[in-house]
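Inspection log for the structure reproduced underneath, given as structure tokens.
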Amino acid sequence: MGVSWDMSAQERTQLHRDGYVVREGVFDAVECAATIAECESLAQRLGVEKQRHKLRVGGYVIEFERDLGIVAKWEPDAPELLMGLEPLARISAPLKALGSDPRLVDPCKAVVGQDDLDLFTEKLNFKRARRGGAIWLHQDYPYWADVAAVADKVATAMIFLDDATIEKGCLEVAPGSHREGVRARKGASDFGCREMDPGVYDESRLIPLEVRAGAVAYFGAFLVHRSLPNRSAQDRRALLYSYQPAGHPHLSVLSGANEKRVLNAV
């Protein structure tokens, strides 16, 4: 019998209480290095692709790379600096294959609430040394509700490819926030209204998740989270794989609708 990566009873208790579970040492140094090399190759490719019109949406600057079928996210204060890519399945066979790894899929079954899962999307985040900016306070659900029929059931596995520390702008989460529904968001009518309003949220609830490279965090669509700028001399990179109940389309299939909803909100 093979190794089971399902959540233990203790992890399920933590998931119910806190809304997330972190496992250390899921991926080893060799695996992290190989994955980083693939991620940097994608970043280099995007750096030389013909850049199109960039749009400021809320706290982000995005660009639709229609030929590649992805969205590129750029640093608002340094729009030449790549911040993220989504989805990755169309542009990287190795990263697409990683999405089927049982170390990611099996624990997410407890978050979704069923065993039969499909990928919803996969995302690459960069926080470059001394220049990587903040990820604003948010829940994932509002970003997905317009395009995912089961947005409330989506679970995310976040792979930390580098050591994540407070200085590097590690992920910060609010334990228990997943049980409080959709929180108050900014009053703007544009795409930025998906971001939460920190003025009406007690940010002292947030705790930093300082972990070593190779760790994975698992959480659902309602967990409140953010990350602060990277003030260190080292990059912090992460991959996020999001899963949904089987039988629903991948975000790449919905890319046209996804682009339309963003453009309509700008």
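Quick note: the coordinates plus some simple rules give every number you see, no bench work behind them. Every value quoted in this text rests on a predicted model; they were computed, and no experiment measured them. When we count neighbours, we look across all protein chains shown, and the Cβ atoms used for this are built from the backbone with ideal geometry, even at glycine.
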Cα centre as origin, Lys/Arg/Asp/Glu Cβ charges: the chain dipole, Debye: 600
All aspartates and glutamates inside 20 Å of Lys54 as judged from Cα atoms, apart from same-chain residues fewer than 8 positions distant: Glu63, Glu65, Asp67, Glu75, Asp77, Glu80, Glu86, Asp190, Glu195, Glu259
Kyte-Doolittle mean at least 0.0, axial Cα span of 24 Å or more - DSSP H helices of the chain: 29-48
Shape of the chain, Cα gyration tensor, a/c cut at 1.5: rounded
Zero-based 5 Å bins, Cα pair distances in the stretch 54-191, whole percents: 2, 8, 15, 19, 23, 20, 11, 3, 0
Residue order, fewest to most surrounding Cβ atoms within 10 angstrom, among Tyr143, Tyr20: Tyr143, Tyr20
Value of Rg to Rh for the stretch 7-102 (Rh from inverse mean 1/r over Cα pairs, i.e. Kirkwood): 1.07
Leu171 long-range amide H proximity, modeled H, under 5 Å: Leu209
Estimated D of the stretch 58-135 in µm² per second, where Rh is the Kirkwood radius over Cα pairs and Stokes-Einstein applies at 37 °C, 0.692 mPa s: 231
Mean ellipticity per residue at 222 nm, deg cm²/dmol - from DSSP H runs of n ≥ 4 across the chain, formula -39500 (n - 2.57): -7000 deg cm²/dmol
